[in-house]
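Inspection log for the structure reproduced underneath, given as structure tokens.
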Amino acid sequence: MRANELLLFREKLAEHGVMVCYNGYMTEDVLTGIAATIKHQMMVRNTDKNVARGVFSLFVEQVQNVIRYSAEKETSCQGSTDITMRTGLLMVGKEADRYFVACGNMVEKKDVATLRSNLVHIQGLDKEGLKALFKKTIKGETPAGSLGAGVGFIDIARKATRGFEFDFSDVDDLRTHFSIKAYI
Amino acid sequence: METISLQRTERTPNVLFNFATNCFSLTGESYPEDVSEFYGSLMAKLKEHLGLLRKAELQFDFSLVYFNSSTAKVIMRLFELLEQTAQRGNQVLVNWHYDEDDDNMREMGEDFSEDLKAARFNLVSRTE
């Protein structure tokens, strides 16, 4: 991208109401840093407190998903420990009267079917259904280990008062790009 | 057991576990990088202590303004431990503090408390 294209890129983001955009290594330090700016922006914009709390919650769950599950990762040695860095994209913004939090990351193709069916299932549940599934999951009554069954997605569905959407785009034989966008 | 007192950080709550007075509390925000690393030994010590209690009075104050879904698992486990302690004949009081306008935090408290039978549970609204 040439220097003069940066402004165009910025305008494009503004057009879509993007307040925060980050692409690259998604780490706990990145999470902490962006968390502070999101809290600050919500405060400056005088956002309703329940909405601000919801946006923050969607942000934490989505970013922690990327940190834990992105299939685009590099492991390096730092002293005696191996550090794995995972890559993803984050966008937080406001379209018309609704806030959104979106994340994109690579997943392994073999995990797509489970993830997709879990998300479809969660999307079809109402408030009470989500509450019941959330509780069952935090009690450890659902099989652990499967990627999409994570309590994080159920929490996202509960907090996304205006729903969420997701998509899978094939990248190569092994990897698929997964994206999720939740509204509040 | 020695009192455990941890200062809050940006992402972990203030922890006060006073084993002598049986007053326990979690205050602040909780979305640690590694939930088991932060809560693992705290839970183990608490479990050991609660297992030894007989006819004791105990109070646990949850005063969280935000917690992530991994922390929710820990809180569920805490509620289970507290209920078991109450069922063995101890008097257990659980206080769930929430900002008065935080509907979600109030609902979470109600959800967690559904399984409490022997332990007493209070929702405590906090005015800012």
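The values are calculated or read from the model by the stated rules, or taken from the named source; none is laboratory data. It should be emphasised that the depicted structure is a prediction, and the values quoted were computed from it without experimental measurement. Neighbour counts run over all protein chains shown; Cβ positions are idealised from the backbone, glycine included. Quick note on the areas: whole protein, heavy atoms, side chains included, nothing else; ligands and nucleic acids left out. Shrake-Rupley method; radii C 1.70, N 1.55, O 1.52, S 1.80 Å.
At a glance:
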item: Gyration tensor verdict on region A:15-119 (Cα atoms; rounded if a/c is under 1.5, prolate if a/b is larger than b/c, oblate otherwise); result: oblate
item: Å² per residue, accessible surface of region A:3-183 at 1.4 Å; result: 52 Å²
item: Choice from B:Phe62, B:Phe79, B:Phe38 with maximal GNM fluctuation in chain B (Cα, 10 Å cutoff); result: B:Phe38
item: Fluctuation leader among A:Ala160, A:Ala102, A:Ala132 - chain A, Gaussian network, Cα springs under 10 angstrom; result: A:Ala132
item: In nm, spacing of pseudo-spin labels at A:Lys39 and B:Asn95 (7 Å Cα→C-beta vector); result: 2.3 nm
item: For chain A, built as a Gaussian network whose Cα springs stay under 10 Å, the top-fluctuating residue of A:Gly140, A:Gly79, A:Gly88; result: A:Gly79
item: Relative contact order (%) - region B:4-126, alpha-carbon pairs under 8 angstrom, separation at least six; result: 22 percent
item: Cβ crowding within 10 Å averaged over residues, with B:9-18, A:40-49 ranked highest first; result: B:9-18, A:40-49
item: Buried on assembly, region B:1-26 (at least 50 Å² less accessible surface than by itself, 1.4 Å probe); result: B:Arg11
item: Listed residue pairs exceeding 26 Å between alpha carbons, taken from A:Lys12/A:Lys49; A:Lys136/A:Lys159; A:Lys109/A:Lys136; A:Lys94/A:Lys136; A:Lys109/B:Lys73; A:Lys73/A:Lys127; result: A:Lys12/A:Lys49; A:Lys109/A:Lys136; A:Lys94/A:Lys136; A:Lys109/B:Lys73; A:Lys73/A:Lys127
item: Largest-first ordering by accessible area, 1.4 Å probe, given options B:Phe121, B:Phe24; result: B:Phe121, B:Phe24
item: Percent carbon-and-sulfur accessible area, region A:6-126, ignoring ligands, DNA and RNA, probe 1.4 Å; result: 54 percent
item: Estimated [θ] at 222 nm from DSSP helical runs (n ≥ 4, -39500 (n - 2.57)) normalised by residues in the protein assembly as shown, nearest 500; result: -14000 deg cm²/dmol
item: For chain B: accessible area per residue (Å², 1.4 Å); result: 48 Å²
item: Accessible surface ranking that places the most exposed of A:Met106, A:Met26 first, with a 1.4 angstrom probe; result: A:Met106, A:Met26
item: Two-site FRET efficiency, A:Ser80 against A:Glu28, from Cβ-Cβ distance with R₀ of 22 Å, rounded to 0.05; result: 0.70
item: Accessible area that becomes buried as B packs against A, both chains, 1.4 Å probe, Å², nearest 100; result: 2200 Å²
item: Alpha carbon convex hull of region A:3-183, projected area averaged over orientations, nm²; result: 12.8 nm²
item: nm² value of the averaged projected area, convex hull over the Cα atoms of the protein assembly as shown; result: 18.9 nm²
item: Computed magnitude of the charge dipole of chain A (debye, nearest 20; Cβ of K, R +1, Cβ of D, E -1); result: 680 debye
item: Cα gyration tensor shape of region B:4-126, rounded if a/c is under 1.5, else prolate or oblate by comparing a/b with b/c; result: oblate
item: Percent accessible area from carbon and sulfur atoms, region B:4-126, protein chains only, probe 1.4 Å; result: 47 percent
